[in-house]
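First up is the structure itself, then whatever we jot down about it.
The values are calculated or read from the model by the stated rules, or taken from the named source; none is laboratory data. The structure presented is a predicted model; accordingly, all values stated were derived computationally and were not measured. Here the Cβ positions follow ideal geometry from the backbone for every residue, glycine too, while neighbour counts run over all protein chains shown. The accessibility values were calculated without ligands, DNA or RNA, using every heavy atom of the protein model including side chains. Shrake-Rupley method; radii C 1.70, N 1.55, O 1.52, S 1.80 Å.
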Amino acid sequence: MTTTYAVLSEGLEKRFGTVHALRGLDLAVAEGTVCGLLGPNGAGKTTAVRLLTTLLRPDAGSARVAGHDLVREAAAVRRRIGVTGQYASVDGDLTGRQNLRLFARLHRVRDAAARTDALLDRFGLTDAADRPAATLSGGMRRRLDLAASLVRRPDVLFLDEPTTGLDPASRNRIWDAVRALKADGTTVLLTTQYLEEADRLADDIALVDRGRVAHTGSPAELKALVGAYAEAVVADRDALARAAAVLDRVTGAAPALDHERRTVGAVSTDPTLTLPRLVRELDAAGVPLVDASLRPPTLDDVFLRLTDGNGSDDGNGNGNGNGNGSNDGRELAA
């Protein structure tokens with residue numbers, strides 16, 4: 001069966017002065033799927049989205065979006081896509097209903113009133129439809145912004161950190177909307193700060209590091225690239241160093257110590273490591289053990305293992321600038 005790609009890029013490059021933000025981005029997103037674009041701070045994710053939505057012109061490489069050449073057919077690309085960025089695009093002085101009708105008229109959508117009412121109902125905004133957008137909660141404004149990007153039923157929807165700063169209930173509503181879009185056949189390219197979000201929504205993930213796609217695959221496939229997470233809880237803080245030496249040896253990775261919790265943990269590079277073996281090794285080293293565990297890897301572990309976690313400035317002020325790897329893997333910066 002031949003795969004049709006809604007987004008296909010080869011060797012995309014972009015510079016901002018002396019900063020090489022993208023260094024040959026190769027990306028393939030199959031039609032009707034959700035693709036998560038993940039990577040450390042300054043890896044080039046937002047630059048990639050700006051290129052693929054025609055907001056920037058690539059310095060080298062090529063891409064096709066919704067069947068159209070990104071450069072030669074930019075207008076056609078824009079007619080086939082929707083974009084929800086990190087900041088709301090709706091007018092705060094207009095009501096939710098007025099905003100959606102404005103977008104519908106701009107896009108020459110037939111029966112704008114009916115389309116507006118359908119989107120308001122779909123995103124749970126009917127009761128607040130006649131309030132100025134500026135008076136809506138953050139979660140409601142994000143849902144309104146997403147509704148605006150769907151006014152003309154795009155073939156490809158770009159979501160750049162759509163749930164940043166939202167409470168869990170609002171985040172879940174956005175997740176439900178993304179799932180519904182996929183069920184309707186819309187292709188979604190999602191960048192996110194939240195690894196759990198990508199794990200729950202994405203069919204495939206492209207892990208971007210230093211301007212290139214370093215790894216691709218489903219969440220399960222990427223997790224299979226790293227071993228399980230081994231952790232030991234010791235009875236005596238004085239035993240932490242001995243436990244760390246054991247985990248360093250049996251996992252092949254530098255362990256992390258938490259003195260307050262008296263824990264030592266590391267992502268194993270040995271796929272054959274078992275919990276009984278881990279316990280035997282700790283016991284043989286004389287480590288007074290309270291508990292030990294070996295859990296499947298998470299996307300946090302994948303991120304920390306397969307990228308350097310630091311990134312570099314992408315030319316848009318998105319680099320962390322300090323090189324200290326302050327992200328702990330639970331959230332990724334843009």
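A few remarks follow.
- Any hit, region 195-216, residues being outside any strand (DSSP E or B), without any contact (Cβ under 8 Å) to a residue 12 or more places away in the chain and open to solvent by 50 Å² or more (accessible area, probe 1.4 Å): no
- Tally of residues being of a type in the set (Ser, Thr, Tyr) and buried (at least 16 other Cβ atoms within 10 Å of the Cβ) across region 217-236: 1
- Condition check for ARG212: closer than 30 Å to GLY44 by Cβ and of a type in the set (Lys, Arg): yes
- Applying the set (1) in a loop (DSSP other than H, G, I, E, B); (2) more than 22 Å from GLY165 (Cβ to Cβ); (3) not polar (S, T, N, Q) to PRO40 leaves exactly one unmet item: (2).
- Annotation note: Cβ proximity below 7 Å between a residue of region 26-52 that is within 12 Å of LEU157 (Cβ to Cβ) and open to solvent by less than 10 Å² (accessible area, probe 1.4 Å) and a residue that is assigned to a helix (DSSP H, G or I) and among the aliphatic types (A, V, I, L, M) (sequence gap 6+ or interchain) occurs for VAL34/VAL178; VAL34/LEU201.
- Complete set of residues in region 160-193 that are farther than 21 Å from LEU102 by Cβ, of a type in the set (A, V, I, L, M) and open to solvent by less than 40 Å² (accessible area, probe 1.4 Å): LEU166, ILE174, VAL178, ALA180, LEU181, VAL188, LEU189, LEU190
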